[in-house]
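The block underneath contains the structure these notes are about, expressed in structure tokens.
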Amino acid sequence: MTLRLHNVTKKFGSFTAVDHLSLEIPEKQIFGFLGANGAGKTTTFRMILGLLDQTEGSISWNDGEIGYGQSHLIGYLPEERGLYPKLKVQDQLVYLAKLRGMPKSESIKELDYWLERFKVPDYKHKKVEELSKGNQQKIQFISAVLHKPKLLILDEPFSGLDPVNVEMLKEAVVDLKESGTSIVFSSHRMEHVEELCEHLCILHHGTPVVHGRLKEIKRSFGKKNVRVHAEFDTRFLESVSGVTKYKALSDGCELQIINEEVSQDIFQEISGKGFVRTFNLEEPTLNDIFIEKVGASYE
Ligand code: ATP
């Protein structure tokens, strides 16, 4: 059930939106697809789903193409949210689940479970247009998962939600993974991907610039960060050998170092200089890695 993209390219006229993208998306995991606006995430999803034809390359899932025959196995939360505004939540979701082969009694049971879980049980008989945008998004998420898909594709599932709802959706995504669903989601927020995914790809102008297992990506980067909170001026640490970046904080600094041994030199340097509140050796962030690869900040 692995999803494979091999050398996938999509051109719109002379513009290349996705450029020779090769990926393997392992099953029963959460795969994060990162990229700034216009990087090519949505276009890639549309090609995976067969809504758009790729210009070059191949895409396979379960050793075949994804078509209508697999609708009952696939869940999709499109970027262009699109439930029917005039229809009531239950009528609409039961109908969509029926198109994917789920009997009405079962879909109502599932719907009750999800509405309860998302703390909106009283929306069942409301028209979609009566709900706030964030709540419409929760309903649309439910419509993507109601029929218990094996492969779930979520285009920016957390955008536009308040922090409480973001957490609620994240927990749901993790639970779905635990129960064996393969999940691919896009985001322009690195922290969502760092938190949820074992594997990821960062697209930049249609090209993957970082790709693989999160832990390995961080390990192979080599550089680390040190964060110091202290009650004295720490600027002198900028010139310690092995420090590649210095960022002042209101009560200390954040340093990038070439390897973790350098942290011990920094530790020596600050000891005896005054009151040190915290000293932390940290893994590089995805943003650090992105900056290094493309020479520019991500956001
Ligand atoms: P966002 O986060 O803004 O949704 P994205 O990573 O999903 O961005 P895409 O929607 O895949 O990006 O778009 C990638 C590029 O392809 C953009 O420059 C976009 O303008 C272009 N593009 C997408 N669809 C079409 C189309 N049908 N015709 C022409 N250009 C298109």
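The values are calculated or read from the model by the stated rules, or taken from the named source; none is laboratory data. Being a predicted model, the structure only gives us computed values, none of them experimental. Using ideal geometry, Cβ is built from the backbone for each residue, glycine included, and neighbour counts are taken over all protein chains shown. What goes into the accessible areas is simple: the full protein's heavy atoms, side chains included, and nothing from ligands, DNA or RNA. Shrake-Rupley method; radii C 1.70, N 1.55, O 1.52, S 1.80 Å.
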### Summary
If we keep only residues of region 19-38 that are out of contact with any Leu (no Cβ under 8 Å at 6 or more places or on another chain) and either modelled with pLDDT of 95 or more or assigned to a strand (DSSP E or B) (or both), then the residue nearest to the ligand (Cβ to nearest atom) is ASP19
### Residues satisfying the stated conditions in region 183-219, i.e. over 14 Å from the mean Cα position of the chain (by Cα), crowded, with 17+ Cβ neighbours inside 10 Å and assigned to a loop (DSSP other than H, G, I, E, B)
GLY206
### Query
Can you pull out the helices (runs of 4 or more DSSP H) entirely within region 39-132 that have at least 2 residues that are crowded, with 17+ Cβ neighbours inside 10 Å and away from the ligand (no atom under 16 Å from the Cβ)?
89-99, 104-117
### In region 157-182, the residues that are open to solvent by 20 Å² or more (accessible area, probe 1.4 Å), closer than 15 Å to VAL193 by Cα and within 16 Å of the ligand (Cβ to nearest atom)
SER159
### Task
Would you be able to say whether some residue in region 7-17 is open to solvent by 10 Å² or more (accessible area, probe 1.4 Å), more than 24 Å from VAL193 (Cα to Cα), small (Gly, Ala, Ser) and free of Cβ contacts under 8 Å to residues at least 12 places away in the same chain?
yes
## Note on the structure
Pairing a residue in region 250-265 that is at pLDDT below 95 and of a type outside the set (Gly, Ala, Ser) with any residue that is open to solvent by 80 Å² or more (accessible area, probe 1.4 Å) and assigned to a strand (DSSP E or B), where Cβ atoms lie under 9 Å and the two sit 6 or more apart in sequence or on different chains, gives ASP251/ARG277
